Every structure is written in structure tokens, then in C-alpha cells.
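Heads up: the structure comes next, in C-alpha cells.
Any read-out appearing in this document is the output of simple, stated calculations on the displayed coordinates, not a laboratory observation. Because the structure is predicted, anything quoted here is derived from the model rather than measured. Virtual Cβ from ideal backbone geometry, glycine too; neighbours counted across all protein chains shown.
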Amino acid sequence: MLPNNAGQYQCHGKRTGRPQSSYMSPNHPISVTALPTASMSVSPHGLLYSGETVTLQCDISDYTDWTYWWYRNEQLQSPGSPSKTISTLSDQVSQYQCQGRRTDRPQSSQRSDYLHIRVTERPVAVLTLQPNWTQIFTGESITLRCDIQGGGDTDWEYDFYNKGQSVYCDTKSEYTISPAYTSHSGEYRCIKKHRSVRNDSEWSDAVKLTVFDRPKAVLSISPQWMNPGDSVTLNCEVKESSTGWRFSWYKTVPYRAGLPSLLDKSYSVEPLSGYGTTEESYTLSPAGPTDTGGYVCRAGRGDPVYYTDYSEPQFLWSGGKLNPVVTLKPNSPIFRGETVTIRCVIEGGDSDWVYDFIKNDQSVDSETNTEYRICPVYTSHTGSYTCMGVKGNKESITSDVVQLTVSCKDI
């Protein structure tokens, strides 16, 4: 019966014989009430992601003692309570309805409207470094950016983690560390969190960031002893493995206030180049007498420019390196227990040299005395010996080799 069947009803009887009809019955009113309608809701609201847990709620405002019947894509599910939990959403689209049934009248409700469940793949967070340097240095600046692949609404916050602890959370997708310290080292990850506290994205992969102490440039000069007209190459490098550097070279001059200077103020410096180039070398060609002296370099990168410390000064000398001569006393044969003297003389050199005595490419003694005495000598002292001289930033070449062989004494 439908609501439009409501009204006042009467009846009377008719027949072929006499009496042929009865009186009309009194009016009997009949009212028709529509079956109660079920309604559905879903929690949480908004985008639903694959693997997420949601709860469907079925409400019937009239009457009590309902048993709830659930339908998914027109297929009857098991009867149950007024709420239905879906623990792991699949990635397919589904239509849900619910209906109430009871033993008393009315024995059923009308089905609810369709509730469409559309499951979206959870967006993925991608963490990048700007600049893309995984190794930076104390005092530099770096920005961590968390981008979301897969979209979603705009009601979110970005949470950055280091070593499992949240270090920054904001509606902005960037986290800038400036200045950086060694304590900022670690493995960073980020996630986009919905403001309703639902995690709206997958975690990003971890990005390792290492912060080193301020680096120092290292300068080498080749050749360090030059003749007029030679080409001399200055080579500058940053020992720590890192990228993005531009190199600048300087000549040292006596310290003067107001000029750029080394930290210890031992020298002031005058640039050979501007901000520098990405090339690690600078060539003096042809080099002349005015090019002799001390040189330093440094490297810079980023905007604003972050500079390394200056390198230690290296010196360019005019003329060939001095040649040391090494001698051995006594001459062979040499027996265990005797005293051996190895002497190093720098031909054409002045005084105040420090002499380095070397056995099998390993330094064994360094002193201002030109002699290295071994007393007593043992067979373990057998080896190839050389020497060289060092005075300040000046050094000789390495001498020729003299061979020491120690034998056991005849019995």
C-alpha cells in the first residue's frame, strides 16, 4: 500500500435476490505511513586512500530493535550492527546501501541512498635538497623541500623528521637550515599530514645530509722551482668530497691592515683572478722572476657565496732544486754491532737545513745535523737509504740511493 491509498473507506453488499443490497457501512478511515528511510554516513570524510580503515554508519530515526542489512554493489552482506568497519580499503569503486529489518511492524525500512566509496592511491612525498648537496659545511645554508606526487586537497601541513624526531612542521613545503652545524647531520624524511591528523601521504625516502667542519683549500704548485719562461700551474682542491666550488688564487704580500689577510695575519693577499672559475688550476705562463713568492687559494660556492679557509701558503722559487749527496761510512762489508754513519750534504746550499733521512721510502730520522748514526747496527737496518733537505717552504730534491747491508759476524 502506498501513501496515496490513504482515505475514508465504506462498503455495502449487493445480490440478485431480494433484498438486492445492504446499507452502506460507516466510514472507516485508513492512513498510510511511509516506511522509515535509512541514511548512511562515512568516517573519515574527504579523500579515502587505499589501505585506510573507514567506518560506515547506518541511521534509522524511527522505531527501534532494527537489524541492519548491508549491501555492496547490490550484493547483500552479512547482517550486523548500525556501523560497519572496512579495515583495508581496496582500490576499486564501490556503492554501499543499508536497510533495517525487525520482527514488529514495520518489518523493514527503505534502503538508504547509495553511498559511493572512491579509493585514491595515497600520494607519495618526495624529499629533495636545494642545492642538491648531501655534504655541506658548517655555516652553509640548505633547503629541504617536500613535494607531493599524487595531489590531494590543500588542507595539509608538511612535517620534516631527522633521526625519527620531528624538527619542523608548517604549511610551507620547505625547511631551510641556516646556518648549518654538524648537529644537523642525519637522515631526513618528510610526510604531508592532513590537518585532521590523518597522514595524507606516504613517507618520503630518507635523504642523508652530512655537515662537516669548515673546509680548507689545499694548494700545490708545479713545478715549485722554475726557470724563466716555464709554465707554472697552481692547483687548488677541497679535500672533502663535495661539489659546486669555484676557485680563486692569490699572491701573498707583507701584511697590511685593510687588505684581505690570512687568519693569523702572517700575510695579506692580492687576487690573481676575480670570483674564480670551476677549473681547479691556474697557469702562470710564461713565469718570470716577478712571479716568485708565496701563493694561496680558496674555494667558494652558493648564493650568497660561502668560502673555505685560505690554503696554507706555497712558494714558487726561481732556479733548479738543490741536489743532496748521501754517503755511507764505513764501506761494505758492514757487520752486526758496528757503528754506521749516513751523511747528507746539499751541494751549493746554505745553512739551517733540516735533513730528512729515509729508509725504504719511510722517514727514519729528521734533524739539523747532517749525519744519521746507527749504533749498534743490526740486520734489521738493512735497506735502501736516501736523504733530502727542507728549510721553511724550500726543499731539495731527493738524493740518489745508497744501499746498507748488515751481515752477521763470522764466528
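The table for this structure:
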quantity	calculated
Interchain or long-range residues, amide H under 5 Å from ILE346's placed H	VAL325
Least to most buried among VAL377, VAL364 (fewest other Cβ within 10 Å first)	VAL364, VAL377
Relative contact order for the range 217-318, counting Cα pairs under 8 Å that sit 6 or more residues apart, in percent	38
The range 105-116 - phi-based ³J(HN,Hα) in whole Hz, Karplus 6.51/-1.76/1.60, Gly and Pro as x	7, x, 7, 7, 9, 6, 5, 6, 5, 5, 10, 8
Isolated Cys in the chain, by beta carbon distance under 4.7 Å	CYS11, CYS169, CYS375, CYS408
GNM flexibility winner over the chain from THR53, THR67, THR103 (Cα, springs under 10 Å)	THR103
Nonlocal amide H pairs with THR277, under 5 Å, H built at 1.01 Å	PHE247
For TYR63, net neighbour charge (Lys/Arg +1, Asp/Glu -1) across residues whose Cβ lies under 14 Å away	-1
Loop sites in the range 272-342: trypsin sites (Lys or Arg not before Pro), DSSP, at most 15 other Cβ within 10 Å	ARG336
Most mobile of ALA34, ALA299, ALA125 in a GNM of the chain (Cα contacts under 10 Å)	ALA34
³J(HN,Hα) computed for each position of the range 304-312 - Karplus, 6.51 cos²θ - 1.76 cosθ + 1.60, integer Hz, glycine/proline x	x, 5, 9, 9, 6, 5, 5, 6, 5
Rel. contact order, % - alpha carbon contacts under 8 angstrom, at least six apart, the chain	9
Rotationally averaged projected area of the range 217-318 (alpha carbon convex hull; nm²)	6.5
Fraction in percent of alpha-carbon pairs per bin - 20 Å, the chain	17, 24, 21, 15, 12, 7, 3, 2, 0
Packing-based exposure ordering (other Cβ within 10 Å, fewest first) of ILE342, ILE148	ILE148, ILE342
Residue among THR33, THR308, THR171 with the largest mean-square fluctuation in a Gaussian network model of the chain, springs linking Cα atoms under 10 Å	THR33
Qualifying lysines (Cα of each under 26 Å from Cα of LYS251; at least 8 residues distant if same chain)	LYS216, LYS239, LYS265, LYS321, LYS391, LYS394
Amide H partners (placed H, <5 Å) of LEU48, local residues excluded	THR120
Net charge over other residues, Cβ less than 10 angstrom from the Cβ of ARG343 (K, R count +1; D, E count -1)	+1
Sparse-neighbour loop sites [trypsin sites (Lys or Arg not before Pro); the range 1-77; at most 11 other C-beta within 10 Å; DSSP]	ARG15
Efficiency of FRET between ASP400 and CYS375 - r from beta-carbon atoms, R0 22 angstrom, step 0.05	0.35
